[in-house]
1. Test Ser89 against the criterion of being at pLDDT below 95 and open to solvent by 60 Å² or more (accessible area, probe 1.4 Å), and give yes or no.
2. Any chance region 140-161 includes a residue that's in a helix (DSSP H, G or I) and open to solvent by 30 Å² or more (accessible area, probe 1.4 Å)?
3. Could you say whether any residue in region 34-45 is polar (S, T, N, Q), touching a helix residue (DSSP H, G or I) at 6+ places or on another chain (Cβ under 7 Å) and either more than 13 Å from Arg83 (Cα to Cα) or surrounded by fewer than 17 Cβ atoms within 10 Å (Cβ to Cβ) (or both)?
4. Name the residues in region 115-139 that are surrounded by 14 or more Cβ atoms within 10 Å (Cβ to Cβ), of a type in the set (Asp, Glu) and within 18 Å of Ser102 (Cα to Cα), would you?
5. Kindly indicate the residue of region 1-26 that is touching a Gly at 6+ places or on another chain (Cβ under 8 Å) and under 24 Å from Ala150 (Cα atoms) and also least open to solvent (accessible area, probe 1.4 Å) among those meeting that condition.
6. Just the residues that are more than 23 Å from Tyr149 (Cβ to Cβ) and touching a Lys or Arg at 6+ places or on another chain (Cβ under 6 Å), please, taken from region 27-56.
Amino acid sequence: MSGGDIEALALLHDPVRRSLYDVVASRGGEVGRGEAAEAAGVSRTLAGHHLDKLVEAGLLESGFRPQEKKGPGSGRPAKVYRRARGERSVSLPPRDYVTLASVLADVVEVLGAEERAEEVARGAGARIGGRHRGEPVERVLGERGYEPYAEGGRVRLRNCPFHVLAEEQPLLVCSMNLALCQGLLEGLGDDPGRAVLDPRPGECCVSLKQIDVDIEGG
């Protein structure tokens, strides 16, 4: 944890900034000032001010969307925003669970215990699901940071809660993540076969077959 992390996250205490951040994060791509302002119910000028503050804090990234019309009279490129790729975390006192998790992932690889790791992950998912049995999987996944949304007959997961480790050990982490999600479904009393590896750049490597899903953001 750094002072910058605390300061950045403190910005989200402001309800307007938090609303604008949630709008941009939930879209999973570039969002213009006008679009963000309308969704958050504020003026375009106020939205631009707060969005730029979030960029300064490193919570959002900004760029410009090329104009379809070229040449004189086309106007300036529209400024757009997207969620920053970095991560922010706060714990008091500071903790470093990521380093230990990385070491444990290396141990699994050295021992050739990938299959055993998947079994353990599935069991962990089943225990989590068992505590929420009967609840929609979308709600449970949302509470665990996966950010589910419906698209094309599937429930996709916009965020990977294990992003840092997945970059270091993609095969191991993605296979364990799949097993975890399958175990979660099983614990919920749902069909574990709904969860499959379905990687998409910038998102979680797992998606679920959609069954009568009604979640926001679809």
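The values are calculated or read from the model by the stated rules, or taken from the named source; none is laboratory data. Bear in mind that the values here come from a model prediction, so they are computed numbers and not experimental data. Every residue, glycine among them, receives a Cβ derived from its backbone with ideal geometry; neighbour counts consider all protein chains shown. Note: accessible area is taken over every heavy atom of the protein model, side chains too, but ligands, DNA and RNA are not part of it. Shrake-Rupley method; radii C 1.70, N 1.55, O 1.52, S 1.80 Å.
1. Spelling it out, Ser89 is indeed at pLDDT below 95 and open to solvent by 60 Å² or more (accessible area, probe 1.4 Å).
2. yes
3. Yes, because at least one residue in region 34-45 is polar (S, T, N, Q), touching a helix residue (DSSP H, G or I) at 6+ places or on another chain (Cβ under 7 Å) and either more than 13 Å from Arg83 (Cα to Cα) or surrounded by fewer than 17 Cβ atoms within 10 Å (Cβ to Cβ) (or both).
4. Once the filter is applied, which keeps residues that are surrounded by 14 or more Cβ atoms within 10 Å (Cβ to Cβ), of a type in the set (Asp, Glu) and within 18 Å of Ser102 (Cα to Cα), region 115-139 yields only Glu118.
5. Applying the filter and picking the extreme gives Ser19.
6. Within region 27-56, Arg44, Gly48, His50 meet the criteria.
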